[in-house]
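Single-structure report; data block below.
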């Protein structure tokens, strides 16, 4: 077991960051299986965060939820910038509005997909407790 530098009640942001990175990598791979693949990516992100947090099931769920939500928000910002950058020269300010619309939809989806990341966090925490 690793040395815990934060109390069990605090958020281990390094575990969340590793979960976000794992979720992004799994999300890129998941593009081959739309829908089901992204569900799996959320479970992977949460599982990694929950496993690395090593602070019990509730903490695993919390860290998994954060990993899924932060990853989704990062994706929303990136998509806003990309859609706006492409749309602005093509259709003017409507392109920026399209980027904002995409970001809003992705942000709502991120909240929904964060729930499966929380489930993955519980599984990751359970595995960490058993090892």
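No lab work stands behind these numbers, since they all come straight from the coordinates. Just so it is clear, the structure is predicted and the values come from calculations on it, not from any experiment. Ideal geometry is used to build each Cβ from the backbone, glycine not excepted, and the neighbour counts take in all protein chains shown.
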Check your understanding: Which distance in nm do the two modelled labels at residue 108 and residue 57 give, with both placed 7 Å along the Cα-to-Cβ direction?
Key -> 3.3 nm
Point to revise | Cα long-axis angle, helix 36-53 against the chain (0 to 90 degrees, to the nearest 10) | key: 40 degrees
Point to revise | Rh by Kirkwood over Cα pairs, then Stokes-Einstein D for segment 66-106 at 1.567 mPa s and 4 °C, µm²/s | key: 129 µm²/s
Check your understanding: Helix 13-30 versus the longest principal axis of the chain: what angle, 0 to 90°, nearest 10, using Cα atoms?
Key -> 60 degrees
Check your understanding: Average projected area of the Cα convex hull of segment 25-102, in nm²?
Key -> 5.9 nm²
Practice item. Any chance you could give the angle, 0 to 90 degrees and rounded to 10, that helix 93-130 forms with the longest Cα principal axis of the chain? Key: 10 degrees
Point to revise | Burial order of peptide ranges 66-78, 24-36, 96-108 (average beta-carbon count within 10 Å, highest first) | key: 66-78, 96-108, 24-36
Point to revise | Listed values [x] 1.07; [y] 3.32; [z] 1.17, entry calculated as Cα Rg over 2.2 N^0.38 Å | key: [z]
**Study point:** Exposure proxy ranking, count of Cβ atoms within 10 Å, fewest first, for 12, 129
**Key:** 129, 12
